[in-house]
Structures are given as structure tokens and as C-alpha cells.
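First up is the structure itself, then whatever we jot down about it.
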Amino acid sequence: MPVQDDRTLVQQCLQGDTKAFEGLVDQYQQAVFNVALRMVGRYEDAQDIAQTVFLKAYQNLSGYDANFKFFSWIYRMTVNESLNFIDRRRATEPLTEALVAKDPSPEESFVAGQMSRSIETAMAGMSPENRAVIVLRHFEDMSYEDIADTLRIPEKTVKSRLFTARRQLGLALSEKKVVSHD
Amino acid sequence: MIKQSHIELLNRAIDGLTTADEREQLRQILDADAEARGYYDSLLVASTQLKKTPQVPAPADLKSNIMAKIATAKPITTVQAASHRSVFAFLREQWNVSTSFHISVGVLAGAAAVVVFASVFNTSEHLSVANLQGTLMPHAASELVLGSSTIVAGNSSADFKTTRSGNQLITSILVHTAGVASIQVAFDKTDLELTAITANGQPTNDIEPHSSQVVLTPTPGTQYQLFFQDDSKAVSLLQLTISDGHLSARQEVSTGTHPAIE
């Protein structure tokens, strides 16, 4: 990821160049939206979370420590915002029902066409913390080290969560006979 | 029962991180151990299915919606603060120093290392305090000040100070002026658990379980304290926001530390 470019954009933004923030949005909107979507499972909710994350990032940009990678910072905000959202939702409805909606909206149908339903269902059975590690490793292709930096947990915890989640996912998918031999 | 070292190796293989020697070792394990083979197959299923799940395009209007919100966002006004960042950076620096002290001195004499460590600890705490401008109650000897600032929004201001004592964090807030409409303290509840809120030492405000923020409607001259349990001691952020109803100002405090500098 273009760490140096990110820092330059942040600096320009802090100097009052709002346009520079557009560069950061361009760079990360796809990733932020997808992380949120994999975490919460609903298109519209992921859209709301992505907007909130960028707004918070903008408002807290002066608190960003350039010693750390910008993408770790914004991914962490995305995961935390998603976890908070899941907690709020958990208070009103079971997680699995939320993630495996029976009557999808047009947007959700669109997502379902691209996001494997079986994966979606299997991930709904995971703890949000394990899901976050799977999302960052497999959908965002992040290294163990970057995941540890992003979630601010030790690398050994990343591995432990990843191995557990992956095994859980594999078993769930095998039970549903979604194995592909292509 | 699959050996832990084999589980690690099988997962490293899924992540494409194995060396040629490890791949040979992997082949031997899979040939000899049916359970490991089943485990590996399940990992392959998961990995294959995940790879087949494509990125979903972000909504076409996401960027314009974000920029529209930013255009109307309340400005962040002046923050007069002793730099919690510099304090935190200092602490990180001290941790590096103490680590090297530990290693080098520990090789020479274990007992002497304890003395050196204690010296580093005292120095870091002393210098942290020297960087601060707190007008709140003095901190106890065992406390470590993580951040202290005066935050100003319009004509309103309040002092904030966050300290750590073992696994407990305390955020103290003292409001100076009558114009403060609200104070919001937001935190990562994955790292911090809010256990109590007091006003002038008396319990106040019901704590909402699982909430990641507290909003106070403060009375001038009252000292509020928020108590957090922080068992993880992970690097985390407290966001302190003061609002006079029109303008708001925010400050962040890094709460993380390392056991070596407690």
C-alpha cells in the first residue's frame, strides 16, 4: 500500500486541503466498504459504516500518528465501528438472523449474487473477533503482522484466531457440501 | 490429535508462507496422518471458497456522500493540550530504552537489572508529569499519567486527565465554564470496560452495558471521574469531545502501555 502517499495526503489535509481527503477516500473506500460488508453482512449497513468511518477519520485526522500505517488506522476504525454496530444490533436481533436475511432487498440480492451465500452463512456463525481476522487476511490480503497492527493484538493471537476461524469455516462449508473441485 | 506445530505448518501452507523444506515436511505429514489430511482439506475448502468470493463494488454514491458529510461537519476548534502524543511517544521510547537496559544489564547481573528497571520507571513517570499542565487532583505515586489537556470549544473549556494504575484507567474531567452542553467520552469497548462514573466522588450516571460511549451533561465546578477496567492493556484510544451546543472540540488519548513501564 502507498504508505508515503497516504502520509502526504494526510499532511495536505491537515493543512486545510479538503481535496486531499478525497484522495484518501478514493484509495480506501472500496476496502473500507468491503471490510464493513463482510463484518456486518448487509449492504446498506456497510454503506452507513463506511460513511461514518471516513467522517470520523476526517474529524480525528490530527490524532493520526504518522509512525503507523494509515491503512492500519482506518481498517482498525472500520473493524471497531463494525463491532460496535454488531453489538448494537445484537441487542435487538440474533446475529445469524441479521446476517442471513430471509427476504433480501434489491441491494442485498445484488450482493448475494457476488458473495457466496454459503460463505456468508458460515461466517455468521463465527465470533465477530474471529470474523475480523478472516476478513483482513482473506479479503484484504493482509499479513499477520499488519493484522496485528490493525487490531492491536499480538501476532500469536492473530494466528490463533485465524486458525480457529479457518477451521470452523472449513468444517461448516464441508458440512454444507459446497466443496468445489475445480 | 494433531500437533500444534503441524497445525501451524498446515496453516502457513494455506497462506503460501512455507519454504521448500517445509513443503516437503508437509507432504510427509499428510502422507502419514489421516487426521492432518482431513484438517488440511477443511482449510483448503475454506481458503478456496474465500478466494472465489469477489470484492463487492462500493456504492457509486459513497464518495459523494462522504464528501457531502465532511463539507457540513462541525469544525474541530482549537485544542490546547499538553501533547499526549509526545507523552506516549516518550513512553514508547522509554520502553525501548528499558528493553535494551534489561537485556544488557540482565546478562551482566540479574539483580542489577531490577535496579536499572526501577530507575527507568521513575524517570519515565517523572518526565511524563513534567510535560503536563493538569489542574485536576494530583496523581498518586503509582499512577501513570497517559494524557492531560485543556479542551476548548467556543467559550467553553474543560480539563481532562487520564491516568493508569495497574489495570485501571481513570479519566478525570473538570468543567470550568457554564457553557458546556455536553461531554462525550468514547472508547473501544473491546479493550476497555467502563465500571463506574462518579461526580465529586459520588456514583452517578447509570452505565449502559456494552456501550462504547458516555455522554455527560456537566455542572461547572464538578469533578467527574470515569473508571475503566483495562485487562488487555492493548494500545487503544479514548476520545474526549466537548461541545457548547454549536462548536465541538475533540482530543484523543492513547491508553495503551507496556507492563515494563508500569
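The values are calculated or read from the model by the stated rules, or taken from the named source; none is laboratory data. Since we're looking at a predicted model, the values are computed, not measured. Cβ: placed from backbone, ideal geometry, glycine included. Neighbour counts: every protein chain shown. We work out accessible area using only protein heavy atoms, side chains counted, and drop any ligands, DNA or RNA first. Shrake-Rupley method; radii C 1.70, N 1.55, O 1.52, S 1.80 Å.
Taking amide H positions as placed 1.01 Å from N in the peptide plane, with prolines and chain starts having none, which residues 5 or more places from B:Ser236, or on another chain, fall under 5 Å of its amide H?
Excluding prolines and chain starts, which carry no amide H, the hits are B:Thr255, B:Gly256.
Could you tell me the total accessible area buried at the A-B interface, probe 1.4 Å, in square angstrom to the nearest hundred?
Approximately 4800 Å² gets buried when A meets B.
Which order do B:Glu24, A:Glu175 take when ranked by solvent-accessible area (1.4 Å probe, heavy atoms of all protein chains), largest first?
A:Glu175, B:Glu24
What's the FRET efficiency of B:Gln28 with B:Ser5 using the Cβ-Cβ distance as r and R₀ = 22 Å, to the nearest 0.05?
It comes out at approximately 0.95.
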